[in-house]
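Bear in mind these aren't lab numbers, they're just calculated from the coordinates by the rules spelled out. Remember, it's a predicted structure, so these values are computed and weren't measured experimentally. Here the Cβ is made from the backbone with ideal geometry for all residues, glycine too, and neighbour counts use every protein chain on show.
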Amino acid sequence: EDGYELWLRYHKIENPSLLQKYQSRNKGVVFTANSDRLKAAKKELALGLKGLLDIDLADSQNLTSGGVLIGTPESSGLIAQSGYAKEINGLDPEGYIIRTVNIDGKQITLVAAKTDIGVLYGVFHYLRLMQTNQSLDKLAITEEPKLQLRVLDHWDNLNGTIERGYAGYTLWDWARLPNYKSPRYTDYARANASIGINGAVLNNVNANAKSLRVEWLIKAAALADAFRPYGIRVYLTARFSAPKEIGGLPTADPLDPQVRQWWKDKAKEIYGYIPDFGGFLVKANSEGQPGPQDYGRTHADGANMMAEALEPYGGVVFWRAFVYQNERHIDRVMNGYEEFKPLDGAFNKNVFVQPKNGPIDFQPREPFHPLFGAMSKTALALEFQITQENLGHAGHLVYLGSLFEETLQSDTYENGKGSTVSKVLQNYKKTHGISGIAGVPNTGTDLNWTGHLFGQANWHAFGRLAWNPDMTSEEMSEEWIRMTFSNDKKIIDPIQKIMLMSREAAVNYMTPLGLNHIMNYDTHNGPEPWHDDPVWSAFDYHKASESGVGVDRTRTGTNAVGQYHEPLSSQLNDVKTCPPQFLLWFHRMAWDYKMPSGNTLWNELVAHYYLGVEEVRQMQTIWNSLEKDIDEERFVHVKSLLELQEKEAVWWRDGCLLFFQQYSQLPIPSKYEQPKHSLNYYKRIPYPYNWKESQYK
Ligand code: BDP
């Protein structure tokens, strides 16, 4: 298997008695599909039933016992007249029910929703029940998404490359659009719909104004047409200076009436091509991108101008909060909060401010961004990164379900205990009428979509959490393994073990104890804690010297802890109560500081780095034990990448420890295998890692 089918494999149910049970519950399907979305749902159902049960979906209008009735009160008279119509019409527009019911004295399964897209989601769930070998008896499922806008933010460039993409080139075949619509667009949309994703920003946040020109809009519209049956709306990034660059105006000042009119006209033009266009994603005054501050205006001025243009059509603005000053004396961790907190309440109703999950930049581990819990008057969306920019690219197996869950379940204490980031996000629906979440995907033209086969699990986890941010990584990983590999516990358990340990392993061999931003300056792969030039220095992030390591962000330091609510703020402030995984994030500690474990800080750091490598070796042993249970192609793919991961984990461990050792002046205890090379050797290794070791001596 090459992995192309993702988790939608629909292989025949292996257990004969289960197969028979499922077949007896799918004896006839009554499903009138009179719209594109219902047709898409029916096509998926036919594919699934054929593959899983070897049943050909035959059209029938007669309900039989053991049959399935699918549709909306509008598409199906039977559903409209059933006792369920009222409940169904009260569902969220994207919600659905799956029930074992009696209609006309016949016991059937009802898959029903208020809208066509709800039916599609219901069908995917119904198939998933069988894919994961669950019972179809006594079904009583009601599902509604907990967040409304569940969006992938592609960082795809118009020239086909993907910023921080490690799985090939963009899926959007710009040259042949709009004429040729690759069937892959439909497969992309199917995969997204199956996990509830309902939006795609087509292009990079480092935006090109050209993408708003008519020739590109026509191409984007063709993609929107391909995605529409699957409930996926298209969004575009908007370069703030577009009125100047492609509009011929002398300024892009958001308070200039001509500029405001330009955006209104542009919005009107876009909606002419894409009637359900989702809106704009904007990176402004960040890393050199133009923005309202170029004209002395605020982020709110900029966002509101675009929001006004989109408002008549129901569009929204996702305005990113990823901003930082590049001056070395300023604590970057605090910048986003400092710029946006004072603007709370200044944004229009159809604006999301969008921070990343943490206050730095998609590190292997960060505390949650302090804006979550601090912006009650402004709808926030959260941005996760699914592509593994700082987590080994497509070479390392790192299950991000654990990272996403950790952020979403972090307690902000905004309204007392239990105010998790997940709840903060969900609550905006009540207060602002909108709620949302975004993920920067890991997809590309690779045959298996995500480069590393296990990258698929990260795409899956993002979608499942976007639908229900309170799912656990245990639940999600098990579901993904069952759909991707097998329903056999003997296979599920070991693979799940690998997945659930993998993220902590990566933190251990890359950035344990709250370290961050010590990866290679350009590639963000491999260690470079030694990077130090006038523009950018890793020393700003680790501050290693003879006296210790870590950044003092306590009340007597930069006071980043002051951006969190009590009692968390005090907990982080006190070295005794600060969770060890954030120790060096918030505190600067002497090398001989005694950790709660009894170890000195140095020895604890060493222990984490060695544990990380050891964990990768355990992952290898577990995977290798599955050789007979997994098809050769996928087995060998993962096996060889785990070998690469092990080598790179050692590179991280030895490079970082030898670097920090210059300052700690302490030995790596002799019980550990000692680094094979000198620090100089690690400093000279280029990217991609070339394993001809002699070259760098
Ligand atoms: C950084 C990436 C850079 C992105 C930036 C962003 O390295 O490529 O443009 O984030 O999110 O992590 O805007």
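Structure notes:
- Other-chain or far-sequence residues with amide H under 5 Å of Asp153's (modelled H): Val201, Gly439, Val440
- Under Stokes-Einstein, with the Kirkwood radius over Cα pairs as Rh, the value for the range 148-264 at 20 °C and 1.002 mPa s is 141 µm²/s.
- For the range 450-530, the Cα gyration tensor yields ellipsoid semi-axes of 28, 14, 13 Å (square root of five times each eigenvalue, largest first, whole Å).
- Our coupling estimate for the range 206-215, obtained by passing each phi through the Karplus curve with A = 6.51, B = -1.76, C = 1.60 and θ = phi - 60°, is 7, 8, 10, 4, 4, 5, 9, 7, 4, 5 Hz, Gly and Pro reported as x.
- Relative to the current alpha-carbon distance between Ala140 and Asp56, full extension at 0.36 nm per residue lengthens the span by 27.6 nm.
- Options Tyr663, Ser570, Thr554, ranked by Cα towards positive dipole end of the range 544-697, top entry (Cβ charges): Tyr663
- Local electrostatic count, Glu632, Cβ distance below 13 Å [Lys/Arg +1, Asp/Glu -1]: -3
- In degrees, nearest ten, helix 116-131 long axis to first principal axis of the chain (Cα): 80
- Peptides 218-227, 313-322, ordered by how many other C-beta atoms sit within 10 Å of their residues on average, highest first, read 313-322, 218-227.
- Annotation for the range 352-395: trypsin sites (Lys or Arg not before Pro) lying in DSSP loop with at most 15 further Cβ atoms inside 10 Å of their Cβ are Lys377.
- Viscosity 0.890 mPa s, 25 °C: Kirkwood-radius Stokes-Einstein D of the chain over Cα pairs, µm²/s: 92
- Exposed loop positions in the chain were taken to be GluC sites (Glu not before Pro) whose DSSP state is not H, G, I, E or B and which have at most 13 other beta-carbon atoms within 10 angstrom. Between these positions, the longest stretch is 15-286.
- Whole-Hz couplings from phi, Karplus 6.51/-1.76/1.60, listed for the range 288-293; x for Gly and Pro: x, 6, x, x, x, 5
- Note on the range 16-143: with charges restricted to the Cβ of Lys and Arg (+1) and Asp and Glu (-1), its dipole about the Cα centre is near 280 debye.
- Straightening the chain between Thr100 and Lys490 buys 137.3 nm, computed as 0.36 nm per residue apart minus the Cα-Cα spacing.
- The amide H of Phe352, built 1.01 Å from its N in the peptide plane, has Val317, Phe318, Trp319 as neighbours under 5 Å, considering only residues 5 or more places off or on other chains.
- Test item: Cα-centred dipole of the chain, Lys/Arg +1 and Asp/Glu -1 on Cβ, debye: 920
- Over the range 149-484, Cα pairs under 8 Å with separation of 6+ residues give a relative contact order of 18 percent.
- When you filter the trypsin sites (Lys or Arg not before Pro) in the range 566-641 for DSSP loop state and at most 15 other Cβ atoms inside 10 Å of their Cβ, you are left with Lys576, Lys628.
- Counting every alpha-carbon pair across the range 182-237, the share separated by more than 13 Å comes to 58%.
- With the alpha-carbon atoms of the range 16-143 aligned to their principal axes, the span from lowest to highest coordinate is 39, 31, 26 Å, starting with the largest.
- Relative frequency of Cα-Cα separations exceeding 21 Å in the range 544-697, percent: 59
- DSSP beta bridges fully contained in the range 16-143 are about 60 percent antiparallel.
- By the compact-protein rule of thumb, 2.2 N^0.38 Å, the alpha-carbon radius of gyration of the range 149-484 corresponds to a ratio of 0.94.
- Applying 1/(1 + (r/R0)^6) with r as the Cβ-Cβ distance of Lys594 and Ser640 and R0 = 25 angstrom yields a FRET efficiency of 0.05.
- Extension reserve of the Glu633-Asn559 stretch, reckoned as 0.36 nm per residue once the Cα distance is removed: 21.5 nm
- Under 5 Å between amide hydrogens, built in the peptide plane, is the criterion, and for Met519 it picks out Glu528 among residues at least 5 positions away or on other chains.
- Relative contact order, percent, the range 448-539 [alpha-carbon distance under 8 Å, six or more residues apart]: 13
- Between 0 and 90 degrees, the angle of helix 36-53 with respect to the longest Cα principal axis of the chain falls at about 80 degrees.
- Nonlocal Lys pairs with alpha-carbon distance under 27 Å, the range 556-697 (8 or more apart, or different chains): 18
- Local charge for Thr511 was computed over the other residues whose Cβ lies under 13 Å away, with Lys and Arg +1 and Asp and Glu -1, and equals -1.
- Simple spin-label estimate for Asp522 and Tyr672 in nanometres, 7 Å along Cα-Cβ: 2.9
- The 3J(HN,Hα) values that the Karplus relation (6.51, -1.76, 1.60; θ = phi - 60°) gives for the range 331-342 are, in residue order, 7, 4, 4, 9, 4, x, 4, 4, 7, 9, 4, x Hz. Gly and Pro appear as x.
- Whole-Å distance, taken between Cα centres, linking the range 544-567 and the range 228-249: 40
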